[in-house]
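Every number here is computed from the coordinates shown, using simple stated rules; none is lab data. Predicted model, so just to flag it, every value in this text is computed and none were measured. FYI the Cβ positions are ideal-geometry reconstructions off the backbone, even for glycines, and counts take in every protein chain you see.
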Amino acid sequence: MQKIELRNLLLSDYLELKESMIQAYKQWAEPYWREDQIETLLIKFPEGQLCVLVDDKVAGAALSIIVDYEKHGDEHTYISITGNYTFSTHTDDGDVLYGIDVFINPEFRGLRLGRRLYDARKELCERLNLRAMIAGGRIPGYKKLAEKMDPKEYIFKVKHKEIYDPVLTFQLSNDFHVTKILKGYLPDDQDSMEFATLLEWNNIYYTKNKAPLSSKEVVRLGLVQWQMRLFDSFDSLCEQIEFFVDAVSDYKSDFILFPEHFNAPLMAAFNHLPEVEAMRQLAGYTELLHQKFQEYAVAYNINIITGSMPLLRNGQMLNVGYFCRRNGSSEMYEKLHITPSEVSAWGMVGGDVLRCYESDAGRIGILICYDVEFPELGRLLAQEGMEILFVPFLTDTQSGYTRVRHCAQARAIENECYVAIAGCVGNLPKVHNMDIQYAQSAVFTPSDFSFPITGVVAEATPNTEMTLIVDVDLSLLKKLHTFGSVRNLKDIRNDLYEVKWKNGHRN
């Protein structure tokens, strides 16, 4: 599994950066920046120089400066906007993030690394409270069609997907719009016939004279209310998983949550076996699914909570899931409390690991279904700074769902956090002990003036396959901790009682 990391560029990355540029710009006579130029950029604006690594190797980069755009206007050239490659045009007091360069080594194309770099640039633009991101864009496909149409018609057809341009198509798909056609922007760009597009992305959060944001505050969650259906193969199941990951990632979600035992339809092939044995056969797919989820997390740039799956470990059957980060890393979580039906039908046992997970969009906890009905677990996670609790669940009746829902809402209130729950719906007539399901996925909040009066941000339609896309504001949690009408975490009487792990079973 490839490991992907996005971070600020370092001068020590230069040799690998140079090699990637050579591979990306083979058609250019001098296809790379000199080391002294990169050093200048890092001195002037280190935050604006980003690189993406695949297995610790620099696979691409995005270089930027801040400019006072009024001083340059729309009729600038690449040489003028960069100060003849000295970057003397950079100013910390500017209002626009100007993109100097973005490239991906062809060896690593297909991993959506370019989108990661653009998303990181947008976040930087928002954090620095800059009004827009602007860049001059090549149109390398224009040369082949220059005799048939002018640049205006070419850009129109690319925009309406009648023509594919390897640069402009990508930029338009990343929410840029063309504001002007430039002539002579890059005099040596023969593929573009020396034409370029002036591209702009507007920061809708920009406020004049507002101080820059210090960190990401609004986090987008995607919940999958999964329809149980029979699949004719493992690959068919994976296609359905990828469909949801793709759809939710299109909304720039930071997380996607799948339900508990969503892969149970694969047990249909083993329905002739006793239930215990059928579940053991299903466990044979778990590591394959883990690998698939890791691939999807990287490819679609989204953190995935995989719901849960059976895992056979040392002869015992556990109920586990994986937190697959978009940087390629992953960690396992375990269901600690096993329901009577899981014990009697499948011989499952409870795990003994609970932890709060670091992510690039806050600290999260994960409790599988029945575990959310034990308030001690949520409190332990809250003590470690949990901001969002994810609960993949599977309930067959409305009464079972009511237990999960109301306990999840209680965890949100008492631990001053957001709680997202996602379950399965529909029927599986050919799988023993999985006949019917009931679910209404939702996102819950604490109960105070800054949050919805019902404590519910959003909820799905009951018993209908769908996704739920929800934004949660982590800054509201910080305000609640300090200024809330009641402060559950601060007002705990630790002098009277405490919740803690026994015998080192914390990890």
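Structure notes:
- Spin-label model, Lys180/Leu489: points 7 Å from Cα along the beta carbon direction are separated by 4.9 nm.
- Cα gyration tensor category, rounded, prolate or oblate, for region 57-182 with a/c compared to 1.5: oblate
- Cross-link table Lys26/Lys161; Lys57/Lys157; Lys161/Lys208; Lys44/Lys180; Lys71/Lys148; Lys3/Lys335, entries beyond 31 Å C-alpha to C-alpha: Lys57/Lys157; Lys161/Lys208; Lys71/Lys148
- Theoretical gain in end-to-end length, Asp36 to Asp396 [0.36 nm per residue, Cα-Cα removed]: 123.2 nm
- Likely footprinting exposure, Ile163, Ile204, Ile304, fewest C-beta neighbours within 10 Å first: Ile204, Ile163, Ile304
- Listed by chain and number, the lysines whose C-alpha is less than 16 Å from the C-alpha of Lys479, apart from same-chain residues fewer than 8 away, are Lys216, Lys490.
- Note on Ile436/Lys71: beta-carbon distance plugged into 1/(1 + (r/R0)^6) with R0 of 41 Å gives a FRET efficiency of 0.05.
- Order of His160, His290, His432, His177 under a 10 Å beta carbon neighbour criterion, fewest first: His160, His177, His432, His290
- Across the chain, the mean sequence separation of Cα contacts (distance under 8 Å, 6 or more residues apart), normalised by length, yields a relative contact order of 12 percent.
- Candidate aspartates and glutamates - alpha carbon under 16 Å from Lys144, same-chain residues fewer than 8 apart omitted: Glu153, Glu162, Asp165, Asp189, Asp191, Glu194
- Footprinting exposure proxy for Arg116, Arg220 (fewest neighbouring C-beta atoms within 10 Å first): Arg220, Arg116
- Global geometry of the chain, whether rounded, prolate or oblate, following the gyration tensor of its Cα atoms and the 1.5 cut on a/c: prolate
- Pairwise FRET efficiency - Ser341 versus Trp501, Cβ, R0 = 25 Å, nearest 0.05: 0.40
- Looking at the chain, the DSSP beta bridges with both ends there are about 75 percent antiparallel.
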